[in-house]
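The values are calculated or read from the model by the stated rules, or taken from the named source; none is laboratory data. This one's a predicted model, so the numbers in the text were calculated from it and none came from an experiment. As a convention, Cβ positions derive from the backbone with ideal geometry for all residues, glycine included, and neighbour counts pool all protein chains shown.
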């Protein structure tokens, strides 16, 4: 989500200047102070127009996904699912020839790795739990890190859909999700 806002603020800083500059170059080629007056007028006119267009575009994206789903997909829920999914794929590829490495041992490695991250929460209770799949591991981590169960059942089911969608987009086998 922060990338979207970064891009948004970058567009707001650059586009009006670029638009005013190119309008001056195309339609008028003044010299001196008068050029700056025209530049400022064009800049002041272009900012509201660009704001309207950018808000319209971002509104379409948010309306298409739905606000809750958008926040979940690009916020903590989707980010955690993608991170855990990528680690799962990494360990699956790393230990593909080792028959002793099951999904459960990979889940333990992921929890231990996440626990040891700087600022990591206390994930000790998750190390030796049994999970039905990768989605249940993501939910267990989100429970400790973000209070997953404090949300309404409607939100939890929406979040679970986002988790499963993100894991599927990573190419993880649906039987492992």
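A few notes on this one:
- For residue 88, the conditions (1) touching a helix residue (DSSP H, G or I) at 6+ places or on another chain (Cβ under 8 Å); (2) in a loop (DSSP other than H, G, I, E, B); (3) under 17 Å from residue 174 (Cβ atoms) are fulfilled apart from (2).
- From 123, 67, 112, 134, residue being modelled with pLDDT under 90 and touching a helix residue (DSSP H, G or I) at 6+ places or on another chain (Cβ under 6 Å): 123
- Residue check for residue 117: in a loop (DSSP other than H, G, I, E, B) and modelled with pLDDT under 85: yes
- Subset tally (residues that are assigned to a helix (DSSP H, G or I) and surrounded by 11 or more Cβ atoms within 10 Å (Cβ to Cβ)) for the range 120-152: 17
- Candidates 98, 173, filtered to the one that is surrounded by 11 or more Cβ atoms within 10 Å (Cβ to Cβ), out of contact with any helix residue (DSSP H, G or I) (no Cβ under 9 Å at 6 or more places or on another chain) and in a loop (DSSP other than H, G, I, E, B): 173
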